[in-house]
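S.K.: Structure in structure tokens, see below.
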Amino acid sequence: MQINFRYDKTTVINALRLHFLNRGETKVLRILFIALFLLGIWGYWKGIISYPVVVIIFLLIVLLTVVFWFILPHSIYKKAKTFSEPSISLQYGDEGIAIGTHAGARQLSWNSFNRVLETTDFFYLYRNNNAFFLIPTAAFRSETEKKDFRELLHRQFSNYSVK
């Protein structure tokens, strides 16, 4: 089967946000800063910690949010040439996928990927924790075509997940 698509900047930025916010280290950082902030409020209330320390902790939380919500997704979007391609063709079957752009095509077996995540807008085909290929769900011409692709991915990956 074959689909053709181009990336929409807004949905890709949101997909990148989801990727960054769901990483284990990001979750740990969020929990750590929230716990530190709550501890800071408690310490201020008890008179152990000064007000400026609580404000600094709060500003670090805001900075972390800005980095993961705005800076990282936009910088990755600008760096990745794939997102600016005028058209991408994707052929898929039991052997793997072939990704075609104006620069050429690349064949990848399913073994090149280690997991799949499906969201409302994308299929994330992960090569490792940092590298993945996004396939827009809107690229499929029908729900049947999307269902067939989903079933193919389920057959290939035991760790297929839906978010």
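Read the figures in this text as sums done on the coordinates, not as results from a lab. This one's a predicted model, so the numbers in the text were calculated from it and none came from an experiment. So basically every Cβ, Gly included, is an ideal-geometry build from the backbone, and we count neighbours across all protein chains shown.
S.K.: Calculate one ³J(HN,Hα) per residue across the stretch 146-160 by plugging θ = phi - 60° into the Karplus curve 6.51 cos²θ - 1.76 cosθ + 1.60, and present them in order as whole Hz with x for glycine and proline.
M.R.: Once θ is set to phi - 60°, the couplings for the stretch 146-160 become 5, 5, 4, 5, 4, 5, 4, 5, 4, 5, 8, 10, 6, 9, 5 Hz.
S.K.: Residue by residue through the stretch 114-121, what is 3J(HN,Hα) from phi via Karplus (6.51 cos²θ - 1.76 cosθ + 1.60, θ = phi - 60°)? Round to whole Hz and write x for glycine and proline.
M.R.: Rounded to whole hertz, the list is 10, 6, 10, 10, 10, 10, 4, 9.
S.K.: Name the GluC sites (Glu not before Pro) in the stretch 113-163 that are in a loop by DSSP and that have at most 12 other C-beta atoms within 10 Å, would you? Working shown, then result.
M.R.: Values: sites: Glu118, Glu143, Glu145, Glu151; in loops: none.
In loop regions of the stretch 113-163 (DSSP not H, G, I, E or B), there are no sparsely surrounded GluC sites (Glu not before Pro).
S.K.: If you don't mind, another one. Under a 5 Å amide H to amide H cut-off, with H placed in plane at 1.01 Å, what residues pair with Arg115 once short-range neighbours are removed?
M.R.: Placed amide hydrogens put Tyr126 under 5 Å from Arg115.
S.K.: Which label belongs to the value computed from this structure, given these candidates for log10 I(q)/I(0) by the Debye sum over Cα atoms at q = 0.08, 0.13, 0.17 Å⁻¹: (i) -0.34, -0.70, -1.02; (ii) -0.20, -0.54, -0.97; (iii) -0.28, -0.67, -1.03?
M.R.: Among (i) -0.34, -0.70, -1.02; (ii) -0.20, -0.54, -0.97; (iii) -0.28, -0.67, -1.03, the one calculated here is (i).
S.K.: Where both partners of a DSSP beta bridge lie in the chain, what percent of those bridges are antiparallel, to the nearest 5? Please list the in-between numbers first.
M.R.: On the way: 23 of 25 bridges.
If I count the DSSP bridges inside the chain, around 90 percent turn out antiparallel.
S.K.: Any chance you could check the Cα centroid distance between the stretch 26-81 and the stretch 121-163 for me, in angstrom?
M.R.: 33
S.K.: Okay, moving on. Using a Cα-Cα cut-off of under 24 Å, which lysines could be cross-linked to Lys147, ignoring same-chain neighbours fewer than 8 residues away?
M.R.: Counting by Cα, and skipping residues close in sequence, Lys147 has these lysines nearby: Lys163.
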